[in-house]
Each structure stands twice: as C-alpha cells, then as structure tokens.
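Undergrad: What follows is a single structure, and I will ask about it in a moment.
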C-alpha cells in the first residue's frame, strides 16, 4: 500500500510515521495513548489516557472518517493498542466498514498465541512489531523488564499462526551500534528469514532527550550496517516513509536505492529545508527535503543530488505502489523450445525483493510483494491458457509461500514449471528436497561469473557465489534440470570460457544460457562500462562455444530477446532457429540498413534501442 498517512490524529512517530495534509490511501488510527513500555526516544507515549479520545465511539468515528476520505489501509497504533480490551472488535468493525488492509503496530508484550489467533480472526493483515533490540538489550532499551522475552513470544506466536510479520526498527543513540546484529538474531528465533516480510527502519528526528537523535553521519552508518546484515540473511529492509536521511546525503553506491520508495509529490513542510542543489535533483518533487532540526544542530551534510535517471527510477514509484505492482508482477513472453517449438510463457513475480543487487537487473526490487490472492489468480489463469508458468522475482526463494505456488503450478499437460532463482537459499538441502517433492523439475539459475571475485562484485552480495554453487549441487543431485544463466557484461565476459569448464566439470547435464546485458529499461545503466560492444565479447563467446562442444555441454540463449544479433555470433550458431513472428520485439529493437538483405532477418530480433544509443548499428552486417 502507499505509505501516505492521514494528519488528523497523533500517531506513534517513533515507528516512522509521517503527517500529511491531503487525502490519503493509508490512515493511522490511534487507539490508546498510554504504553506499557518506556522507550527513551518516544514522543507519543502519555502517562494517562484522555478518556474522551480513547472512548470506543471516538475511535469508531476516526475509523469512519478515514474510510470516508478514501483510506484503503488502516494502521492501528498508539501508545500501545493491545492495552484495549475491545481492540479485536474495533478491527472487525473497520473490516466490516470496508477497510481493505489492516496493520497493527504493537510492541507485542501482550501477544500470546490466543491473542494472535483472535486478532487474525478479527481482520489483522500485518503485525508490525516494534523491535529496536533483542533479548536483554530490549529490556534496557524499553526500560521494561521482560520486554525481550515478551517480544520473542510474540514473534513465535505470529509466525506459528501464519500471520504476516513486519518489524519496526527505530535507529537512535541507544541502539545504532548494535542494530546490525538484529537480522541474524531474528533468523535464529524464527528459523526461516522468509517468515519476516520486512524490516522497516526509521530514524526519529525528535525525542525527549535530544541526544538520542542521530546525526546524519551516524544514521547513514547505522542504516548501511543494518542493510548489509538484512540482505545477508535475505530479509528485505525499507525506510519508513518520511523517515531517515534522503538518498542525496549518502555517497553514491553506499546503499541500494530500493531502500527508499518515493511516490507522488511531497508536501512542503515547515520542519524540512532544501538547499540549492535540490533544484537539479530528479526526485525533488517526491522528497520533502532535510530535517530542519538536524540541520540546525549539525549543519548541512554533503549533498549529491540525484541526476541520473536510473537512480531516479530505482528510488521512485511511477504511480501508487498497488498500481505498479499490478503492472510489473506478471509478464508474458514467447520462447522457442527445441522440442515444443513456440511456447507461450507467463512469468509470475511472487516477490520483488532480492538478496543480491545486480547492477544490470531490470526488476523494481523496491516494491513489496504482490498479494497472495493475486499470485494464485495469475497461476490459475496461466494454467487455464496452457502456458508455461515461470515463478520468478526478485528472488522467489525469499517468499514463504513458494512451495504452495509450485504445487499449484505443476499440472499434467502443461510445459514444465520453471523456477528463476539465484539459488543462494538453495544451499539449504531440505528446501531443495521440498521443492522437488512439490513438483519442481527445472530451475533457471543466475550465475554471472566463474570466480567469487567477479560474481560477488556483480551481484554486490559478498559470499553468495559460494552459496549458489552449493545450491546448484543440491538441485543437480535431486535430478532437477538446471539452466545456468550467464549475463554477459563488460566485467565478466572474459570468464565465460572458464564458466563453461566449471559447469561441465561440476554439473555436466546442465545447460548454459548465455544472455547479453540488456539496457531495456531506465533501471539498467546505459553505460559502456557495463554494456560492452558485441564485437568485443565475441572472442570470449567463440572460445566458450568451442569448449562447450568439446565437452558435450548444451548451450542456448541465442533464441532470446536477451541474445546477440545472429550476424555477430560465431559461424553456424543459430542456424537451426525458427522464424520469428513478424511483430516479435516490435518497438524495442532496431535494424540496420544491412539487415534488409540478411538471410537471417526472419530469425533475428536485431539490436535493442538502448544498445544502439551506446554503440550504434555499424557492427551489423548481412549474412549471405
């Protein structure tokens, strides 16, 4: 849902909420003002409740007003909402009035299994658990003995009963040096990182004790450490809307742009300031600026305005979150199978986030997952059309419902289901076994280097190359056919022959799929340092194909839109490809004048417009 908050009621600002002054899709419903914890940074906790404000009728009225103004998501917050005995009834009332999604923000101290079951039945969709620290450290942070034990119990109750769990993590003086240890502690507690749908970080800019508020530099350091730790265990991290330093204060590349999701036009705010550099920034309209209080205290930080369109795209949402998910989670494609001929494919992105961050990735990895019902409906529709179903992402193994989706998509009479994955989480042999039992027989695995140095640099996820190799080992031993997708770019092209050797020696029945980095959207940089000339990589491709033929290894990819123009391939490669439909690739590809007399014209897509912008069309020639 779009993270735009209503302004009529005070909320739990410590969880990163933001006041806005316009009709919104998401509204806060404050149910209580007291809290059973006492966090030092919190500005919302009250020692006593105003009876008129927390009266049942008053809360019901706030719900009614929010829905009448167009809110689709209601966030029940406080204080601590679970101090109310009628919380379940209030949530059920909101659901009956038409609320489409309900989030409960809570510290979890009063949540046991029975309470979770009751709240799920009432209509809670997401439990957003306030968790700034773990174990005894949480007791100290909240100044509440037993808070760590209570939080662990709440976590288990939520995941064991199938609830969707988000964790709200404020970054303040009390925890900013230790917060990077939180993701691994969570995995140890819940057993599977996929049970945590999101870490939602916030950086409060006000507190009763001003020293609790981090400087820009401290917040940047803490966020970078938390993001790296979360990515290493496969838990997505987002900044709460309106919270934290804007992306322009971070050095380029310090954090993935997906941490932010800027949409619409930010309101001018008295507590925010801008600098002259903002005028050149491509996300100025969606960014409210720098926190004025921090600027007064610490001065202006160095600013690097966003001036490249790719970063703007990764920071931004074109419309609402919901509309962009609907547009991007389903893709139709047509492939040419050597046995089946032309095959219609439906690619279903079961989530968008990923545990790698490849620079050439074209997926909007900053989006939250599509709804479970939407994924089920897409699979059913594709099956009804007889299409080949491809489950993809982001990284689909981060989705806790992946096994259910595989079971639903595997059906007699359909082309074999394919799972597109980086196989990092498939280093868990039990998960591979479960996928096989669910019916998985083919995996399309990203492997973009023959060495850890190259692969980890491209994926920007140190240590994942080794895990992918183990994951493919498990797939290979299970009898799952593995297609290893190598995306040629400037950095890894020299390693293509070595990759062929690696695959032939370790997984000889696998297939190598060779793709070429595709500047097909404005997410992929149109940069010659990433996108090489076809002619420059041809020697490495030729050597790789010779080795594959010698070793008896199957190689494909030349039939794809992500392949290489046929005139630039080694001799005889692509001779057996079927003709394309006359409109295949229309609008995305260009041809040179030489293509008009080429014998392979009917079998070749041509050159992507993004490639032509960088390198032109002079390489193309007519085949006799």
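Values quoted throughout were computed directly from the atomic coordinates according to the rules given, and no laboratory measurement underlies them. Keep in mind it's a predicted model, so treat the numbers as computed, not measured. Glycine gets a Cβ as well: all are built from the backbone with ideal geometry, and neighbour counts include every protein chain shown.
Undergrad: Quote the FRET efficiency, to the nearest 0.05, computed for residue 233 versus residue 546 with a Förster distance R0 of 35 Å and r equal to the Cβ-Cβ distance.
TA: Working: r = 41 Å, r/R0 = 1.17.
The value I calculate is 0.30.
Undergrad: Counting DSSP beta bridges with both partners in the chain, what percentage is antiparallel, nearest 5? Write down the numbers at each step before the final one.
TA: Values: 12 of 64 bridges.
Of those bridges, close to 20 percent are antiparallel.
Undergrad: Considering all alpha-carbon pairs of the chain, what whole percent are spaced by more than 34 angstrom?
TA: Details: 89959 of 194376 pairs.
Tail of P(r) above 34 Å: 46 percent of Cα pairs.
Undergrad: Specify, per residue and in Å³, the volume enclosed by the convex hull of the alpha carbon atoms belonging to region 13-244.
TA: Convex hull volume per residue, Cα atoms: 114 Å³.
Undergrad: Would you please give the FRET efficiency between residue 49 and residue 429, computed as 1/(1 + (r/R0)^6) with r the Cβ-Cβ distance and R0 = 45 Å, to the nearest 0.05?
TA: 0.30
Undergrad: What FRET efficiency, computed as 1/(1 + (r/R0)^6) with R0 = 22 Å and r the Cβ-Cβ distance, is obtained for residue 410 and residue 554, rounded to the nearest 0.05?
TA: With a Förster radius of 22 Å, E is 0.40.
Undergrad: Moving on. Computed on alpha carbon atoms, what radius of gyration and Dmax characterise region 64-189, expressed in Å?
TA: Cα-based Rg and Dmax for region 64-189 come out at 15.2, 44 Å.
Undergrad: Still on this structure, please answer the following. Using only DSSP helix segments of four residues or longer, with each worth -39500 (n - 2.57), what per-residue ellipticity at 222 nm results for the chain after dividing by its residue count and rounding to 500?
TA: -9500 deg cm²/dmol
Undergrad: Under 18 Å from the 7 Å Cα→Cβ point of residue 470, by amide nitrogen: which residues of region 428-452?
TA: Residues 428-435, 446-447, 451-452 qualify, since their backbone N sits under 18 Å from the label point.
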